[in-house]
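Here is the structure we will look at, set down as structure tokens.
The values are calculated or read from the model by the stated rules, or taken from the named source; none is laboratory data. What you see is a predicted model, and the numbers here were worked out from it, not measured in a lab. Here the Cβ positions follow ideal geometry from the backbone for every residue, glycine too, while neighbour counts run over all protein chains shown.
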Amino acid sequence: MGDPEVLEMVKEEERRLKRDSSFALEMSESASNRETSCLLSETEENSEFSMDLDLAFQTFDKDKQSKDSIFFRDGIRQIDFVLSYVDDIKKEADLKIVRRKNFEENLKKTGLELEIEDKRNSEDGRTYFVKIHAPWEVLVTYAEVLGMKKPIKENDIPRPQKAPFNFILGPLKLPKNVMHPKPEYFTVQFTRHRQELFLIEDKSSFFPSSARNRIVYYILSRCPFGIEDGKKKFGIERLLNSHAYSAAYPLHDGQYWKPSEPPNTTNERYILFQNWARFSYFYKEQPFDLIKNYFGEKIGMYFVFLGFYTEMLVLAAIVGLACFGYGLFSMHGSTTSIEVCDPEIGGQIIMCPLCDLLCDFWRLNSTCLSSKVSHLFDNESTVFFAIFMGIWVTLFLEFWKQHQARLEYEWDLVDFEEEQQQLQLRPEFEAMCKKKKLNPVTQVV
């Protein structure tokens, strides 16, 4: 919503589904005395998925659903985003209700499915939760719009062989299933019209949580909720600023202190906590592939840089410690410190007062201790350390460029920034921009 071209693509897909499908499944769930939540979405799926969904409703007991579940009450549809709000009794409460109603109706028009949890099910008894699920057709449509790259074939290029003395670093290594939880693939930009070319083994896991969250947030940031003062109002950020919603956030895979229970998927959060986010593992290598899969490429690249920077600083710290040790051992033999501390030299030199009225004259040998301490950080090796750091900075930048280029290739992030700038304009700019023009240099609209 908010993007006319995307809306047209969604409508076209809906028309195609109506022509190809023989029937559609319409579901609704009535409220009970214990639970007054209501299902706000209607789904259109193929007949095979409808039969599975119908069977699941017959066997699923929502009273037994765990609070840690990341699914709707049917136990099948995954929660991709959550909006929360609190009842407001102020004078602007009616306006907020209208905004929320319009916003949620427009979200359903884009194909998203909503489910509201009543405030009586919240811990404080005041907060409503709107759970959002992106069905398959919405995911494939916006994956094509955002230019997401998906696998078409498993990578048959072997991983680099271990170095001859790599066994020395064995205590610093993590298990292979943690460092590389999934095989590598050759990828191309996803297109919904050629889905048979992609390795779609399970539709529920084809798009990872980070990709699903990105798609839903893309829709939320562009979905309108009305026209006020002659201007079109849109976007979840504006609703958050006006306190129509109190929060908008995706969910974790589960609790970090225990693995997920069926039917939840593999709890990558638990794996990360066990092998990464613990103080006892500070000396271990980082599971970058797992971080990237869970948090996304940008957050993953941040931790890659942080780890590489820390590794390079180890070398600088060793040289700096050596220079400090030289100053420590040569402190008592420093000519400057000897002369300052000598009563016959520094003790005979009278220094001017440090202030005009209250300070008295003082002798130079009173600064004996401070002269020795200053020698620790200002000695002959300081010049060598300054030259070394100049060389270190240059090597750090060059090695990081090499490491970054290799990682961009492995993660398929080549030209990532340029693609993001072309495909994801700011929603505020999209609303103001009425015309499109072909760039004569890049040939991009």
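May I ask you to say which residue of E137, E105, E113, E154 is surrounded by 13 or more Cβ atoms within 10 Å (Cβ to Cβ), under 25 Å from D412 (Cβ atoms) and in the same structural domain as L290 (by TED's automatic domain parsing)?
Sole residue among the options that is surrounded by 13 or more Cβ atoms within 10 Å (Cβ to Cβ), under 25 Å from D412 (Cβ atoms) and in the same structural domain as L290 (by TED's automatic domain parsing): E137.
So, in segment 415-443, of the ones that are of a type in the set (A, V, I, L, M, F, W, C) and surrounded by 11 or more Cβ atoms within 10 Å (Cβ to Cβ), which residue ends up modelled with the lowest pLDDT?
The qualifying residue modelled with the lowest pLDDT is L423.
Tell me which residues, restricted to segment 193-210, are charged (D, E, K, R) and either within 16 Å of I76 (Cβ to Cβ) or not in a loop (DSSP other than H, G, I, E, B) (or both).
R194, E196, D202, K203
All but one of (1) surrounded by 14 or more Cβ atoms within 10 Å (Cβ to Cβ); (2) among the basic types (K, R); (3) closer than 30 Å to E410 by Cα hold for K372, so report the exception by its number.
(3)
Being surrounded by 14 or more Cβ atoms within 10 Å (Cβ to Cβ), in contact (Cβ under 8 Å) with a residue 40 or more places away in the chain and not in a helix (DSSP H, G or I): is that true of E285 here?
yes
Would you check which residues across segment 335-385 are aromatic (F, W, Y) and within 54 Å of the chain's Cα centre (by Cα) and list them?
Across segment 335-385, the qualifying residues are F377, F384, F385.
Of all residues in segment 211-236, how many are loosely packed, with under 14 Cβ neighbours inside 10 Å and outside any loop (DSSP other than H, G, I, E, B)?
4
Could you check segment 115-133 and list, in sequence order, the residues that are within 18 Å of R212 (Cβ to Cβ) and in contact with a Lys or Arg (Cβ under 6 Å, 6 or more places away or on another chain)?
E115, H133 - these are the residues of segment 115-133 that are within 18 Å of R212 (Cβ to Cβ) and in contact with a Lys or Arg (Cβ under 6 Å, 6 or more places away or on another chain).
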